[in-house]
Amino acid sequence: MVEAAQEDPARFLDLYERYFHRVYAYVVRRTGNRIDAEDVTSEVFERALANINAFEWRGSPFGAWLFRIAANELADRWKRS
């Protein structure tokens with residue numbers, strides 16, 4: 001699915017549908033706030049789509065890459081506030 005999304009960004013929807021709930025659950029546990037969690041989750045998938053071609057298989061699943069983006073987004077949000 002990742003390779004398909006790298007070739008055709010429209011295929012990113014498959015990845016979004018597969019990983020959305022896991023990423024959202026991760027973020028909502030850390031923010032404790034649905035509104036903030038929705039914003040951060042949106043930013044995670046926006047960044048992932050923008051950088052899908054930078055993803056390289058290194059033995060870690062694609063989901064781990066998304067969780068790293070989420071952790072960075074959360075850290076950036078806390079630094080700004």
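Below are the figures for this structure:
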{"item": "Scan of the range 14-42 for residues that are outside any helix (DSSP H, G or I) and modelled with pLDDT of 95 or more, ordered by number", "result": "none"}
{"item": "Test set (1) of a type in the set (Phe, Trp, Tyr); (2) in contact with a Phe, Trp or Tyr (Cβ under 7 Å, 6 or more places away or on another chain); (3) not in a helix (DSSP H, G or I) - PHE45 fails condition number", "result": "(3)"}
{"item": "Residue list for the range 31-56, restricted to those being touching a residue at least 40 places away in the same chain (Cβ under 8 Å) and open to solvent by less than 20 Å² (accessible area, probe 1.4 Å)", "result": "ILE52"}
{"item": "Residue within the range 70-79 that is open to solvent by 80 Å² or more (accessible area, probe 1.4 Å), under 15 Å from the mean Cα position of the chain (by Cα) and on the phi < 0 side of the Ramachandran plot present", "result": "no"}
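The values are calculated or read from the model by the stated rules, or taken from the named source; none is laboratory data. Here the structure is a predicted model, which is why all the values come from computation and not from measurement. No Cβ is skipped: glycine too gets one built from the backbone with ideal geometry, and neighbour counts run over all protein chains shown. Protein only, heavy atoms only, side chains kept; ligands, DNA and RNA dropped before computing areas. Shrake-Rupley method; radii C 1.70, N 1.55, O 1.52, S 1.80 Å.
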